[in-house]
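These notes are about the structure you will find just below.
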Amino acid sequence: MRNITFFIVLLLLLVTGCGGDALKVTSLKVEMQENPVGIGTETPRFSWQVESAVPDLLQEAYQIQVARTKRDLLQEEKLVWDSGTIGSDETILIPYEGERLVSGGEYFWRVKATTNQGETKWSEPNLWSMALLDNSGWQAVWIGEDSLSNPGEKDDGLTRLAARYLRKPFETKAGVERAVLYISGQGAYEAYINDKPVSDDVLAPTVSWYPNRVYYNVYDVTSLVGRGSHVLGVVLGNGRYFGMRPRKGPEGIETMMFGLPRLLAQLEIEYSDGTTESIATDNSWKITSKGPIIANNEFDGEEYDARLELAGWSSTGYDDTSWNQADIMSAPTGELTPQPNPNIRVQEELTPVAITPLHDGKYIVDMGQNMVGWVKVNQLNGKKDQPITLRFAETIKEDGSLYMDNLRTAKVTDIYTPAADGPFSWEPSFVFHGFRFMEVSGLDQEPKLSNFTGKVIYDLMETSGEFETSNEIINQTFKNAYWGIRGNYRGMPTDCPQRDERQGWLGDRATGCFGEAFLFNNALLYSKWLQDIEDSQSPEGSISVVSPKFWTIYNDDVTWPSAYFYGAKMLWQQFGDKEPIMKHYPSMKRYLERIQEVSMQDFIIIKDRYGDWCMPPESQELIHSQDPARKTAGPVLSTTMYYSLLNLMTEFATLTGNEQDIPGYEELAAKVKEAYNKRFFDQETARYDNNTVTANILSLQLGLVPEGREAEVFNNIVEKTEVDCNGHVSAGVLGIQQLMRGLTEHGNVDLAYKIATNRTYPSWGYMFDKGATTIWELWNGDTADPAMNSGNHVMLLGDVLIWLYEDLAGIKNYPGSTAYKKLWMEPKIPDGLSHVNASYDSPYGEISSEWRKENGSFNWNITIPANTSAIVKLPRDLNILIPSEEGVRIVNDSDDYFEFEIGSGSYRFTN
Ligand code: BGC
């Protein structure tokens, strides 16, 4: 018997190829998601990875098959697409070319690859389903409560309006084969079938510029729909549709508000006998706003009155006679669009690290980390009718109480009123806070750590990078960046998660988006945000520096809007997705023309609204520097940035087949460069304008320096940094975008390393030493005026994350390569750093790089995924032994460097 078992195991190993050298296709994705539900494009794009334990693998051809059922796919019958064998090494975003896809249809697909090591087997079947194409399938109408029925509520977007509860009972017959829910609740919704949530998403759907676009979600709810009686129940919160803070935004701009909450939902049921049924929102639905969520607003908090709980409201058998008939609401004017990016989810839970009593009966709960989300209360003892209040802040004052001065008008207060004496558990639905500390009041006894759980929320996406070095400050920068970046993903990249802004400010992300992409697979979030930016563009071509334009701000300057272009470039470079460039090219072109028209004088861009925002000021209390010697002139910032956008556009024009535009961009760029140098470049000293680091580094890195003068300009940057700033950063949001890479590229990685590892002000290390667990908005965030002093902004990261990956770890795209199909691996090794260990999940698979340099020995282990290659460059003085591994080819052996070309696999370079 034992022999037989052994034989079977061996046979299985042979058949499944689990011998360790299996060649296979894995990680199948449609539109960058695994088995997605509700795809909105008629040409979905397929991606996969090839895996092999044998090095130097290249794909030579692929074949994709698609069918309506799994059976048909496996039998190769009634295929709706068979690509046939396509000779190609591409595995990313291959567009569908089969029969026209059916609205709401479900599709199964598989792929196999031919490689230089043989052919893979067919992949396992994967699936995707389509959204309601062209919107003709919608029978549902928007419903809600078209009046305010609770005392004190005002239709002004500032009240914490009560949540609306909606329900619809329905019956099903036997043989339910598939049930799909199409749903949009504005501002935000939670949906249940027979009391069970339809998904784990929170704060759905994603935000948008509602007058132009309203997103809906699609859920496969087959497992929740059987035979018999059901109830579809939905709670509607305010989100960004109703309710925003403050009433007035920057410069008194009115905050946008779009109307009372409303719901559109349609449940499509398919039976095995071929019949179908729709349960759609109409005025037969029942609604009430007298439920337990008596007030909700993202900025101000949620109030929950357990005495008003509607037990069983989303189950069958509930008596809804006291509820009202739903009102038909006007449809939002925006185009109803299937949501292309995943929703927000709770993706980590934290237990607090300490609870400290205050003398007035309140307690301060410390989560140990500045986080974004909310706190769930577990089995906390409450007293009937005695509200328990939770307030949130990033820091505490000296007396131990919450420091809330920097939250401005945001009230950040959640209140729970128990219906009975005894323990209760609760968490809010339509709110989020940015906080490390929570104050609890209204308790009769001391709470325990286990009474609270921090729920960390952000857009669902994979963490794609890890990074560790021998330097503690760099490790902490990475960790704080990780917390700050994900905490600022709220269906759009936000400036901050805590005070009364939480908006999609463009300037914060122009270069930041590249760095973030190493830590998180943020492709779908950013391509959706580019759509928000386009939806917020004025007919004249102006870009709103807050998009979606909940504050409409058309400055017709360049620095903040550059994020539109840089974001598109990032998606192409990092993820190999050209579509955003194709889609947005005309709007980008219009914007550049607009700037030329209204902001350009003699080829200098004269408009600039924000300067080199948040540079270190001359005194510790200031937010913005008043010192002309430190500040960089607006036209320097906007003209260098405009020049870089013109260069990007020539690249985009080539990619999109708009070559006819190239001469125009080139000509304009040449004129801008000439005028800029004439006006700002001092021929004698090689200084730009008032010789700030920002003015010089932008001119150098964005390509405006006259040929042959680069080294002199660079020396000015080094001198200014070393002499005037004692090796510290002097840049704000603009200069910092180029600083770390610029210093390194021109040969001074040691100065970049010094800046990255400083502990004294101004530096990232200074922030940590003062207790920061995220990145501050201001270099002097511990002392500056609270009027603008968030503890969780990511813009001051500049290009440091890119520098960590590209320069310290040597994980970089080869010039012209995208998505790391071909890498350029040249780690820069600053004095004082002895170890770097980095990994990044690229679209082709995991790339890793770990080097150690100690006592004269150097060891570098790298892995690059199948179907990629790399040029590896190392200085000769490291005395590298040429590796004997297969697949290593010397391409250059100069006096200073060794250059190797390698295929996929793992390699070790050592001396
Ligand atoms: C935001 C910034 C933003 C800036 C622009 C601030 O209030 O928080 O991050 O970019 O305004 O003026």
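A few remarks follow.
- All lysines inside 16 Å of LYS397 as judged from Cα atoms, apart from same-chain residues fewer than 8 positions distant: LYS362, LYS770
- Proximal charge balance of ILE882 [Cβ under 14 Å; K/R count +1, D/E count -1]: -1
- Positive-end ranking of SER27, ASN690, ILE811 along the dipole of the chain, with charges on Cβ about the Cα centre, is headed by SER27.
- Equivalent-ellipsoid semi-axes of segment 32-126, from the Cα gyration tensor, Å, largest first: 24, 14, 12
- Kirkwood Rh and Cα Rg combined as Rg over Rh, evaluated for segment 61-178: 1.24
- Pairwise Cα inverse-distance average, inverted: Kirkwood Rh of segment 238-332 (Å): 16.7
- Å² of accessible area per residue within segment 545-592, as computed with a 1.4 Å probe and no ligands counted: 21
- Note on segment 433-556: Cα-Cα pairs beyond 18 Å make up 62% of the total pair count.
- When restricted to Cα atoms, segment 591-735 yields an Rg and a Dmax of 16.1, 52 Å, respectively.
- For segment 722-855, the Cα-based Rg and Dmax, in that order, read 16.2, 50 Å.
- Charged neighbours of GLY259, selected by a Cβ distance under 10 Å, balance to -1 (K, R count +1; D, E count -1).
- Net charge of neighbours whose Cβ lies under 11 Å from the Cβ of GLY515, counting Lys and Arg as +1 and Asp and Glu as -1: -1
- Cross-link reach is defined here as a Cα-Cα straight distance under 16 Å, omitting same-chain residues fewer than 8 places apart; for LYS822 the lysines meeting it are LYS812, LYS873.
- Inverse of mean 1/r across different Cα pairs in segment 671-784, Kirkwood, Å: 14.8
- Annotation note: GluC sites (Glu not before Pro) in segment 698-763 located in DSSP loop regions with a Cβ neighbour count of at most 15 within 10 Å are GLU707.
- Report summary: the helix-based calculation at 222 nm, which adds -39500 (n - 2.57) for every DSSP H run with n ≥ 4 and divides by the residues of the chain, gives -6000 deg cm²/dmol.
- Ranked from largest, the principal axis spans of the Cα set of segment 339-486 equal 50, 42, 31 Å.
- The loop-placed GluC sites (Glu not before Pro) in segment 252-351, going by DSSP, that have at most 16 neighbouring Cβ atoms within 10 Å of their Cβ come out as GLU309.
- Note that segment 512-554 carries a Kirkwood radius of 11.2 Å, evaluated over its alpha carbons pair by pair.
- At the listed q of 0.07, 0.10 Å⁻¹, the Debye profile of the chain, built from one uniform point per Cα, gives log10 I(q)/I(0) equal to -0.62, -1.26.
- Using alpha carbons only, the radius of gyration of segment 782-880 set against its Kirkwood radius gives Rg/Rh = 1.11.
- Over 22 Å (Cα to Cα) - which of LYS631/LYS828; LYS479/LYS720; LYS569/LYS828; LYS154/LYS248; LYS376/LYS448; LYS607/LYS673 fall in this group: LYS631/LYS828; LYS479/LYS720; LYS569/LYS828
- Mean Kyte hydropathy of 1.6 or more with a Cα span along the axis of at least 15 Å, helices from DSSP in the chain: 2-16
- Calculated diffusion of segment 591-658, Stokes-Einstein form, Kirkwood radius summed over Cα pairs, 4 °C and 1.567 mPa s, µm²/s: 93
- Rule-of-thumb Rg ratio for segment 260-413 [Cα; 2.2 N^0.38 Å; N residues]: 1.44
The values are calculated or read from the model by the stated rules, or taken from the named source; none is laboratory data. Computed from a predicted structure; not experimentally measured. Virtual Cβ from ideal backbone geometry, glycine too; neighbours counted across all protein chains shown. Just so you know, the surface numbers come from the protein's heavy atoms only, side chains and all, with ligands and any DNA or RNA stripped out. Shrake-Rupley method; radii C 1.70, N 1.55, O 1.52, S 1.80 Å.
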